[in-house]
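The values are calculated or read from the model by the stated rules, or taken from the named source; none is laboratory data. The model shown is predicted, which means the values in this text are computed figures rather than measured ones. Here the Cβ positions follow ideal geometry from the backbone for every residue, glycine too, while neighbour counts run over all protein chains shown.
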Amino acid sequence: MQKFIILTVIFLVALAVAAVPLRPLDDEAGHVIVASDSLAFDVAEIEVEEGREVEIILDNTHGSTTHTFTIEAMPVDGVHPESDESDFVVHIVVEGGEETSVTFTPTETGSYRYFCSVPGHADAGMVGTLVVE
(Lines give C-alpha, C1' and ligand atoms only; values in the text may rest on other atoms or scores of the structure.)
Protein backbone atom coordinates (compact mmCIF):
# COMPACT_ATOMS: atom_id res chain seq x y z
CA MET A 1 0.00 0.00 0.00
CA GLN A 2 2.84 2.38 0.83
CA LYS A 3 4.43 1.74 -2.57
CA PHE A 4 1.16 2.63 -4.27
CA ILE A 5 0.89 5.91 -2.37
CA ILE A 6 4.51 6.83 -3.09
CA LEU A 7 4.13 6.02 -6.80
CA THR A 8 0.90 8.01 -6.95
CA VAL A 9 2.58 11.04 -5.36
CA ILE A 10 5.52 10.78 -7.78
CA PHE A 11 3.12 10.53 -10.71
CA LEU A 12 1.14 13.58 -9.56
CA VAL A 13 4.30 15.65 -9.07
CA ALA A 14 5.57 14.66 -12.52
CA LEU A 15 2.19 15.55 -14.01
CA ALA A 16 2.21 18.96 -12.31
CA VAL A 17 5.74 19.70 -13.55
CA ALA A 18 4.79 18.70 -17.10
CA ALA A 19 1.82 21.06 -17.00
CA VAL A 20 3.98 24.14 -16.36
CA PRO A 21 4.06 26.16 -19.59
CA LEU A 22 7.49 26.75 -21.07
CA ARG A 23 8.40 29.92 -22.96
CA PRO A 24 10.77 28.72 -25.70
CA LEU A 25 13.35 30.52 -27.76
CA ASP A 26 11.72 31.96 -30.86
CA ASP A 27 14.45 31.42 -33.47
CA GLU A 28 12.67 33.41 -36.17
CA ALA A 29 12.49 36.61 -34.15
CA GLY A 30 15.67 36.13 -32.11
CA HIS A 31 13.79 36.33 -28.82
CA VAL A 32 15.18 34.89 -25.66
CA ILE A 33 13.09 34.82 -22.53
CA VAL A 34 14.81 34.88 -19.19
CA ALA A 35 12.41 34.51 -16.31
CA SER A 36 13.61 35.60 -12.94
CA ASP A 37 12.19 34.04 -9.84
CA SER A 38 13.93 34.12 -6.48
CA LEU A 39 17.67 34.60 -7.03
CA ALA A 40 18.22 32.72 -10.29
CA PHE A 41 17.63 33.11 -14.00
CA ASP A 42 15.93 30.14 -15.61
CA VAL A 43 18.51 30.18 -18.41
CA ALA A 44 22.17 29.74 -17.49
CA GLU A 45 23.44 30.09 -21.06
CA ILE A 46 21.95 31.94 -24.02
CA GLU A 47 23.28 31.33 -27.53
CA VAL A 48 22.76 34.05 -30.16
CA GLU A 49 24.16 34.90 -33.57
CA GLU A 50 26.63 37.69 -34.25
CA GLY A 51 25.00 40.48 -36.24
CA ARG A 52 21.44 39.34 -35.51
CA GLU A 53 19.12 41.45 -33.37
CA VAL A 54 18.21 39.79 -30.09
CA GLU A 55 15.36 40.62 -27.76
CA ILE A 56 15.79 39.62 -24.14
CA ILE A 57 12.50 39.51 -22.27
CA LEU A 58 12.94 39.62 -18.52
CA ASP A 59 9.83 38.06 -17.05
CA ASN A 60 9.36 38.71 -13.34
CA THR A 61 5.57 38.44 -13.35
CA HIS A 62 5.62 35.73 -10.68
CA GLY A 63 8.25 37.39 -8.52
CA SER A 64 8.07 40.10 -5.91
CA THR A 65 11.69 41.28 -5.89
CA THR A 66 13.30 43.80 -8.25
CA HIS A 67 15.83 42.26 -10.65
CA THR A 68 18.01 43.40 -13.56
CA PHE A 69 19.46 41.86 -16.69
CA THR A 70 22.90 43.41 -17.04
CA ILE A 71 25.91 42.95 -19.31
CA GLU A 72 28.98 45.01 -18.43
CA ALA A 73 31.07 44.71 -21.58
CA MET A 74 30.13 43.42 -25.01
CA PRO A 75 30.40 44.99 -28.46
CA VAL A 76 26.82 45.78 -29.51
CA ASP A 77 24.81 48.03 -31.81
CA GLY A 78 21.32 49.41 -31.39
CA VAL A 79 20.61 48.84 -27.69
CA HIS A 80 17.02 49.79 -26.94
CA PRO A 81 16.24 51.00 -24.39
CA GLU A 82 19.71 52.40 -23.84
CA SER A 83 21.32 51.60 -20.53
CA ASP A 84 20.75 54.24 -17.88
CA GLU A 85 23.87 53.00 -16.10
CA SER A 86 27.11 54.21 -17.70
CA ASP A 87 29.05 51.18 -16.43
CA PHE A 88 26.84 48.72 -18.32
CA VAL A 89 26.30 48.10 -22.05
CA VAL A 90 22.96 46.36 -21.54
CA HIS A 91 20.91 47.05 -18.43
CA ILE A 92 17.20 46.71 -17.77
CA VAL A 93 15.35 46.74 -14.47
CA VAL A 94 12.14 44.83 -13.78
CA GLU A 95 10.02 45.22 -10.68
CA GLY A 96 8.26 42.30 -9.06
CA GLY A 97 5.09 41.37 -10.92
CA GLU A 98 6.26 42.96 -14.18
CA GLU A 99 7.97 42.12 -17.47
CA THR A 100 10.31 44.23 -19.59
CA SER A 101 12.63 43.76 -22.55
CA VAL A 102 15.74 45.03 -24.26
CA THR A 103 16.91 44.61 -27.85
CA PHE A 104 20.46 44.76 -29.16
CA THR A 105 22.66 43.38 -31.90
CA PRO A 106 25.89 41.66 -30.78
CA THR A 107 28.75 42.58 -33.12
CA GLU A 108 31.53 40.20 -31.98
CA THR A 109 31.65 36.52 -31.16
CA GLY A 110 32.56 35.51 -27.65
CA SER A 111 31.16 34.66 -24.23
CA TYR A 112 29.77 37.46 -22.11
CA ARG A 113 28.58 37.35 -18.53
CA TYR A 114 25.09 38.57 -17.69
CA PHE A 115 23.90 39.07 -14.15
CA CYS A 116 21.46 40.77 -11.83
CA SER A 117 23.08 43.95 -10.53
CA VAL A 118 20.87 44.23 -7.44
CA PRO A 119 23.34 44.00 -4.51
CA GLY A 120 23.86 40.39 -3.45
CA HIS A 121 21.88 38.80 -6.30
CA ALA A 122 24.85 37.90 -8.55
CA ASP A 123 26.77 36.56 -5.54
CA ALA A 124 23.74 34.38 -4.75
CA GLY A 125 23.91 32.86 -8.25
CA MET A 126 21.84 35.15 -10.46
CA VAL A 127 24.31 34.99 -13.35
CA GLY A 128 24.61 33.45 -16.78
CA THR A 129 26.56 33.50 -20.02
CA LEU A 130 25.54 34.99 -23.36
CA VAL A 131 27.40 33.15 -26.12
CA VAL A 132 27.66 35.00 -29.44
CA GLU A 133 28.51 32.71 -32.35
- Might you check whether a residue that is at pLDDT below 90, of a type in the set (A, V, I, L, M), under 11 Å from the mean Cα position of the chain (by Cα) and surrounded by fewer than 17 Cβ atoms within 10 Å (Cβ to Cβ) occurs anywhere in the stretch 1-19? no
- Answer yes or no: is there a residue in the stretch 28-38 that is assigned to a loop (DSSP other than H, G, I, E, B) and modelled with pLDDT of 90 or more. no
- Task: With the condition kept exactly as written, say whether any residue in the stretch 75-82 is within 17 Å of Gly128 (Cβ to Cβ) and either within 15 Å of the chain's Cα centre (by Cα) or modelled with pLDDT of 65 or more (or both).
- Result: yes
- Item | Qualifying positions in the stretch 67-87 - surrounded by fewer than 16 Cβ atoms within 10 Å (Cβ to Cβ) and touching a strand residue (DSSP E or B) at 6+ places or on another chain (Cβ under 6 Å) | Asp77, Gly78, His80, Glu85
- How many residues does the stretch 104-116 hold that are under 14 Å from Ile71 (Cβ atoms) and more than 13 Å from the chain's Cα centre (by Cα)? 8
